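The values are calculated or read from the model by the stated rules, or taken from the named source; none is laboratory data. Computed from a predicted model, the values in this text were never measured in an experiment. Glycine also receives a Cβ, built like all others from the backbone with ideal geometry; neighbour counts cover every protein chain displayed. Areas reflect the complete protein model, heavy atoms only, side chains present, ligands, DNA and RNA absent. Shrake-Rupley method; radii C 1.70, N 1.55, O 1.52, S 1.80 Å.
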Amino acid sequence: MKTVVVDKVLHPEKWQEYAEDGYYQGGSLRWYKIGEGDPKVLFLHGLSGSAQSWDCIPFRLQEAGISSLVVDLPGHGESYTVQGEDTPHLMANLIPYLGDQYGVHSLHLVGHSLGGGVALA
């Protein structure tokens, strides 16, 4: 097991070079692919948060050779509300959507608060 130490705060501009956008269920979805190769981890933030809530954690994983996806859940950050009710179950549908973008169908899910509910759904 490898330990990742979180010890710095990133400026928001750092995220922009990793930003990707897609059309998802009638809205716009923003996510960030950090690292080379197939993504192994998907980060899901909490209510009223954004991808940037994870601060330097995905970047530290990148240093360890682990690629990740960090998403702005619908209605948060740079993602816009999608059609339908904002429920964890509806938001959970974005997990296979993101996997399909990279041909990846197995990801480790890391969720905080609302993101944990999305991961469970």
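Is there any pair with a first residue in region 83-109 that is more than 14 Å from Leu29 (Cβ to Cβ) and in contact (Cβ under 8 Å) with a residue 60 or more places away in the chain and a second that is β-branched (Val, Ile, Thr) and open to solvent by less than 50 Å² (accessible area, probe 1.4 Å) whose Cβ atoms are under 6 Å apart and which are 6 or more apart or on different chains, and what are they?
Matching pairs, first to second residue: His108/Val41.
Testing Ile66 on (1) more than 18 Å from Gln16 (Cβ to Cβ); (2) out of contact with any Lys or Arg (no Cβ under 6 Å at 6 or more places or on another chain), one condition comes back false. Which one is that?
Condition (2) is where Ile66 drops out.
In region 56-76, what residues are touching a residue at least 24 places away in the same chain (Cβ under 8 Å) and over 18 Å from Pro39 (Cβ atoms)?
Result: Pro74, His76.
Conditions: (1) on the phi > 0 side of the Ramachandran plot; (2) under 11 Å from the mean Cα position of the chain (by Cα). Gln25 meets all but one. Number of the miss?
Going through the list (1) on the phi > 0 side of the Ramachandran plot; (2) under 11 Å from the mean Cα position of the chain (by Cα), Gln25 breaks only (2).
Go through (1) free of Cβ contacts under 8 Å to residues at least 40 places away in the same chain; (2) in contact with a His (Cβ under 9 Å, 6 or more places away or on another chain) and name the single condition Val41 misses.
(1)
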